[in-house]
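Any read-out appearing in this document is the output of simple, stated calculations on the displayed coordinates, not a laboratory observation. Note that the structure is a prediction, hence the values are computed from the model and not measured. Here the Cβ is made from the backbone with ideal geometry for all residues, glycine too, and neighbour counts use every protein chain on show.
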Amino acid sequence: MGATHLSRTTFDEVMAPVYAPSSIVPHKALASRIWDTQGRAYIDLGGGIAVTALGHSHPELLRALHAQADKVWHVSNGFTNEPVLRLAHKLVDATFADKVFFANSGAEANEAALKLARRAAYDRFGADKYEIISFNQSFHGRTLFTVSVGGQPKYTQGFGPLPGGIRHIPYNDIEAARRAISARTCAVMVEPVQGEGGVIPAQREFLHALRAACHQHHALLIFDEVQTGVGRCGALYAYMEYGVTPDILTSAKALGNGFPIGAMLTTADIAQHFPVGAHGSTYGGNPLGAAVAGKVVDLVNTPALFADVKRKHTRFVEGLQQIGARYSLFKEVRGMGLLIGAQMAQAFKGRAQELITLGEQNGVLALVAGPDVVRLAPSLLIPDTDIGEGLARLDAAAAALARTGTPSSVQAH
Ligand SMILES: *Cc1c(COP(=O)(O)O)cnc(C)c1O
C-alpha cells in the first residue's frame with residue numbers, strides 16, 4: 001500500500017462491514033489525549049471502551065512491554081513462563097481466587113467460565129444440572145455461547161441453532177431471580193454494573209440475593225467484570241465494593257490496558273474440574289500480555305488510586321448533571337467509579353450517538369451504551385484539567401444538539 005492515504009473510505013473498501021467507525025482515524029495517543037491523522041486533538045473520555053484505564057502510552061507499561069519483547073514473545077502451553085506466573089500470583093493475592101486461567105479477550109474468559117461451570121456441575125451433580133441464568137440486556141461477548149448467554153436478542157438473530165439451557169430474567173429483580181434459580185441451575189452470570197446494556201449498577205441487595213440463592217441450590221455465581229474490573233469501579237474488582245464474592249470472576253478490557261489479555265479467576269475447588277486437556281488457548285497467558293497486565297495490576301491496585309477514582313466520579317457526575325440541567329438533556333446520570341452513564345431525556349430519545357458525533361466535532365471522544373445512554377469510561381489517571389476541558393467540550397456538543405431541536409442531519413455511526 002506504501003503511501004496510500006488511509007481513511008474511513010479505505011475501511012469501506014477492505015474491511016468486513018460489521019463496524020461503522022468514526023471518520024476520525026487515531027494516529028497517536030498520550031495519557032488522555034488522542035491525535036488523528038489530520039493532526040486534530042481530542043480528549044479521550046471513552047478509553048477504548050473502558051480499556052485504557054491507565055491512559056495511552058503509559059511509560060511504565062511501555063517499559064514492561066519492551067523489556068519482555070526483548071526476552072521471549074511466545075512459548076506453547078507445553079511451557080509456562082515467568083510473566084504469567086507473576087501475574088497469576090498477583091491476581092490470587094489480591095482477590096478471592098486461588099487459580100487463574102488466561103485467555104485473550106473478555107468473550108474468551110467468559111467462554112472458559114461458562115464451560116467450567118457446566119463441567120463442574122456435571123462432575124458433581126450429573127447431567128441434569130446445566131441451566132445458565134443470565135439477565136436481560138446483559139452483554140458477555142460475541143462467541144456463540146457468550147452471545148447466547150448475553151441478554152440482547154439482536155446479537156443472536158440469524159446465528160441459530162444456539163446453545164441451549166440458557167434462561168434470561170430481568171436485572172435487579174430479586175423475586176424473579178429467586179423463582180428462576182433452582183436445582184437445575186448450574187450457574188448465574190451477572191455484570192455488577194451492566195455496561196453495554198446502559199450503565200446500570202446492580203442493587204446491593206440484588207447481588208446479595210443472587211449469592212444466597214446460588215448457595216442454596218449449589219449453583220455457581222459468575223461475575224463478568226470484563227468492564228467493571230481493574231479499578232474501574234473504585235476497587236480492584238467491583239465485587240469488593242459490593243461485598244459479594246463470586247465463585248468465578250472474569251476480567252479483560254483494562255487488564256492489558258489495550259494489550260489483548262483476558263483472565264478467569266476461581267477457587268481451587270472449582271478449578272479442579274478443568275483437568276489437563278479440558279480447555280485451552282494458544283495465546284492465553286502469553287509472556288507479552290502477561291508482562292503488561294502484571295504492571296497494570298501493580299499500578300492500579302493502590303488505595304490512593306481508588307480514592308482518586310471516587311473523587312473523579314463525583315466531578316464527572318456533577319459536570320454531566322450541570323450539562324443535563326442546562327439543556328434539559330439527561331433524565332439521569334448514574335454509574336460507579338469511572339464507568340458513568342447519562343440517560344437521554346424523553347425529548348432527546350434515541351439521540352445519544354448524535355451527541356457523541358457532535359462531541360467528536362468539538363474535540364472530545366465518548367461512548368454510547370445503547371441508543372439512549374452516553375457512556376464515559378476515561379482513564380483512571382485522567383488529569384483534572386482534562387476532565388474540565390472534556391466536560392466543556394461535551395457541553396458545546398450538547399448546546400449544538402439542543403440547537404438542532406429535531407433529529408439533525410449529523411450522520412450517526
Ligand atoms: C466488552 C465486554 C465483553 C467482551 O469482551 P471482548 O474482549 O470484546 O471479547 C464481555 N463482557 C462484558 C461485560 C464486556 O463489557
### Summary
Two pseudo-spin positions, 7 Å from Cα along C-beta at Val25 and at Lys310, lie apart in nanometres by 4.5
### Query
Hey, what number do you get for the chain at 222 nm if only DSSP H runs of n ≥ 4 count, each worth -39500 (n - 2.57), divided across all residues, to the nearest 500?
-12000 deg cm²/dmol
### Task
For Lys349, go through the lysines and keep the ones whose alpha-carbon is under 22 Å away, minus same-chain ones fewer than eight residues off.
Lys154, Lys331
### Query
Out of residues 5 or more away from Gln194 or on other chains, whose amide H comes under 5 Å of its own, with H placed 1.01 Å from N in the peptide plane?
Ile200, Ala202
### Query
Once Lys and Arg get +1 and Asp and Glu get -1 on their Cβ, which of Ile340, Ala304, Ala268 lies farthest toward the positive end of the dipole of the stretch 258-413?
Ile340
### Summary
For the pair Ala69 and Asp269, the simple spin-label estimate (label points 7 Å beyond Cα toward Cβ) gives in nm 4.4
### Task
For Leu220, enumerate residues with amide H under 5 Å from its amide H, sequence gap 5+ or separate chain, H modeled in the peptide plane.
Ala187, Val188
### Message
Could you tell me the extents of the stretch 267-413's C-alpha atoms along the three principal axes, largest first, rounded to whole Å?
### Response
61, 34, 27
### Query
By how many nm would the segment from Thr143 to Tyr155 grow when fully extended, if each residue of separation counts as 0.36 nm and the alpha-carbon distance is taken off?
3.3 nm
## Note on the structure
Given unit charges at Cβ for Lys, Arg (+) and Asp, Glu (-), the dipole magnitude of the stretch 60-159 about its Cα centre in debye, nearest 20, is 120
### Message
Can you list residues from other chains, or at least 5 along the same chain, whose modelled amide H is less than 5 Å from the amide H of Val364?
### Response
Ile43
### Message
Using each residue's phi in the stretch 347-357, evaluate 6.51 cos²θ - 1.76 cosθ + 1.60 at θ = phi - 60° and report the 3J(HN,Hα) Karplus result to the nearest Hz, with x for Gly and Pro.
### Response
5, 10, 3, x, 10, 4, 5, 4, 5, 5, 5
### Message
List the chymotrypsin sites (Phe, Trp or Tyr not before Pro) within the stretch 1-91 that DSSP assigns to loop and that have no more than 14 neighbouring Cβ atoms inside 10 Å.
### Response
Tyr19, Trp73, Phe79
### Task
Pop out the ³J(HN,Hα) list for the stretch 66-75 in order, Karplus 6.51 cos²θ - 1.76 cosθ + 1.60 with θ = phi - 60°, rounded to Hz; leave Gly and Pro as x.
5, 4, 6, 4, 6, 9, 8, 8, 8, 9
#### Entry: Cα-Cα over 21 Å, subset of Lys99/Lys295; Lys71/Lys295; Lys90/Lys310; Lys90/Lys253; Lys253/Lys295
Lys90/Lys310
### Message
Give me the Å³ per residue figure for the convex hull around the C-alpha atoms of the chain.
### Response
153
### Message
Can you find, among Gly243, Gly319, Val292, the residue sitting farthest towards the positive end of the charge dipole of the stretch 240-330, where Lys and Arg contribute +1 and Asp and Glu -1 at Cβ?
### Response
Gly319
### Summary
Cα convex hull volume per residue for the stretch 207-267, in Å³, equals 68
### Task
Provide the per-residue ³J(HN,Hα) series for the stretch 395-404, in order, calculated from phi with Karplus coefficients 6.51, -1.76, 1.60 and θ = phi - 60°, each as a whole number of Hz, with x at glycine and proline positions.
4, 4, 5, 5, 4, 5, 5, 4, 5, 5
